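The structure appears below as structure tokens.
None of the figures in this text is laboratory data; all of them are computed from the coordinates on show. Computed from a predicted structure; not experimentally measured. No Cβ is skipped: glycine too gets one built from the backbone with ideal geometry, and neighbour counts run over all protein chains shown.
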Amino acid sequence: MNKHSHKWFNEMAVVAVFFLVVAAGLFYALFHLEIGPAAPTVNQPLAISSAPTVSAYEHEADTVLAPFLEQAAKVGQAELASGDQDLLDLIGKTQDRLLRMIVPAERKDAHLKFVLLLEQWRRALNGSAADQKQVLASTQQVLADNPWLR
């Protein structure tokens, strides 16, 4: 005699449940795409900061450059060839802070000279003989051109 037993989960039932779960997931995803959070509108005005006054810029630039200038005053020609890592780190941090500043139009040339001076110091400390010869004189020239520093 051939017994036929009923199984609760035969193959067709498993396949049908699988497709029902997939379909429910797709409908759920589509529903949430339609009612999801709205994208920000393009027409919203950006908050634009106004440039600081010349005196405010000079104060901030002096504050940013003071630690570097203090260390640079202590460096002699012999120390330039050593490639002081602490001074290189200070140069990097000072450059980052300078590049984040908002600069008034009257001081944009001076600001560019500060950033370029720091880059010349970086090259000098990394072994550039040409920059090692000029960097101390360049620093003195920048200080002479900007007596408000210090």
Under a crude label model (7 Å from the Cα following the beta-carbon direction), how far is Lys133 from Ala73 in nanometres? 2.8 nm
In vacuum, with every alpha carbon of segment 54-145 counted as one equal point scatterer, what does the Debye formula give for log10 I(q)/I(0) at q = 0.16, 0.22, 0.23 Å⁻¹? Two decimals, please. -0.61, -1.10, -1.19
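Rounded to the nearest 20 Debye, what is the dipole magnitude of segment 47-104 about its Cα centre when Lys and Arg each give +1 and Asp and Glu each give -1 at the C-beta?
Details: 4 positive and 9 negative charges, 37 e Å.
For segment 47-104, the charge dipole is close to 180 debye.
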Once phi for every residue in segment 18-27 is put through the Karplus expression 6.51 cos²θ - 1.76 cosθ + 1.60 (θ = phi - 60°), the whole-Hz ³J(HN,Hα) values, with Gly and Pro written as x, are 4, 5, 5, 5, 5, 5, 5, x, 5, 5
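Set the Förster distance to 25 Å, then compute FRET efficiency between Lys113 and Asp89 from the Cβ-Cβ distance, nearest 0.05.
Numbers: r = 22 Å, r/R0 = 0.87.
Step by step, r from the Cβ atoms, then E = 0.70.
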How many nm separate the modelled label positions at Glu106 and His59, each set 7 Å beyond the Cα in the direction of the Cβ? 1.5 nm
